[in-house]
1. At what distance in nm do the modelled label points of residue 24 and residue 314 sit from each other, each positioned 7 Å from its Cα along Cα→Cβ?
2. Which whole-number percent is the relative contact order of the range 259-321 (Cα, under 8 Å, 6+ apart)?
3. Considering only DSSP beta bridges where both residues belong to the chain, give the percentage that are antiparallel (nearest 5).
4. Suppose each label sits 7 Å from its Cα in the direction of the beta carbon; what would the residue 161-residue 105 distance come out to in nanometres?
5. If I model a spin label at residue 89 and residue 239 as a point 7 Å from the Cα along the Cα→Cβ vector, what separation in nanometres do I get?
6. So what is the relative contact order of the chain, in percent, for Cα pairs below 8 Å that sit 6 or more residues apart?
7. When a/c is below 1.5 the answer is rounded, else prolate if a/b is larger than b/c, else oblate, so apply that to the range 68-212 with a ≥ b ≥ c taken from the square roots of the Cα gyration tensor eigenvalues.
8. Listing 182, 81, 264 from the residue with the fewest other Cβ atoms within 10 Å to the one with the most, what is the order?
Ligand code: TXA
Ligand code: MG
């Protein structure tokens, strides 16, 4: 692919307007959201959607999440059941993605849905994302803005490191707050399925959905968030470490001595989620600087967002394909 000059755009009215123009031209823009940076393309444009897969070097045409500004826009491409409306009322805008049946005449590129009869939709809460989506006025497809299989980007610097020269622009709104991708749910007549752990914890969802059936097992759903090796740093990753090996780059959680970096010195899983991908980028850089080949990570409790953090860490540690 010919190298592009990747434009850096400020998160003001002029920057947002320019980003929208670039996107409507069929080019790709890295867009800030509260979870991670998204690699945004026009979801109604086949070429733009194909460019998303090309820029990420994604090996498979997995379905993409469609980003919209409001429920009115959702109702034009998908069917909202009462269960879906209940979830939308409780959690949108925010880090939740709903898999919904496609509406007739949805106009989406088949690359977005990968030929399925459903579509994954999210209304991000980030004010710059919302301004951008309103300016675009069309459904926007956006996977995380990283090369396939690598760590998700939570800062514009991460996006540049992975995709500079491969995308037209980056809308720079600083670091993402949540730091983990959205939770993905599929509401259905016989209950709601959890397809991906993410920015909203199970504990917050189940009062609304009732008991979730969990379908996040690697291999079961053929989509990137479900691949067993994903979110991988270049160095090897070992989990549940006591951090006693001085040959490793050591990442702690909670009060601990002798770690190089910490996910949360106070042991807070929400802070760990927000810092996770940034810290993995840092640990990787530190490993190559010190000539180390392994990253060791302390145990994180399986509660609240700790579950989503552990899910990402297990994939980062899984044998590489
Ligand atoms: O936080 C996020 O969700 C970020 C930001 C940029 O919004 N986006 C993101 O997109 O993580 P992506 O493309 O990396 O994740 C797509 C996931 C797939 O792993 C797949 O599980 C799910 O969305 N997905 C998409 N369409 C689906 C469908 N029709 N049925 C089931 N799962 C679907
Ligand atoms: Mg991703």
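1. Label-label distance for residue 24 and residue 314, simple model: 4.5 nm.
2. Computed value for the range 259-321: 33 percent relative contact order.
3. Antiparallel bridges: around 50 percent, rounded to the nearest 5.
4. 4.7
5. 3.7
6. Over the chain, the number comes to 20 percent.
7. Cα axes put the range 68-212 in the prolate bin.
8. Least to most surrounded, the residues fall as 81, 264, 182.
FYI, it's all coordinate maths here, none of it is from the lab. These figures come from a predicted structure and were not determined experimentally. Quick reminder, even Gly has a Cβ in these numbers, built from the backbone with ideal geometry, and neighbours come from all protein chains shown.
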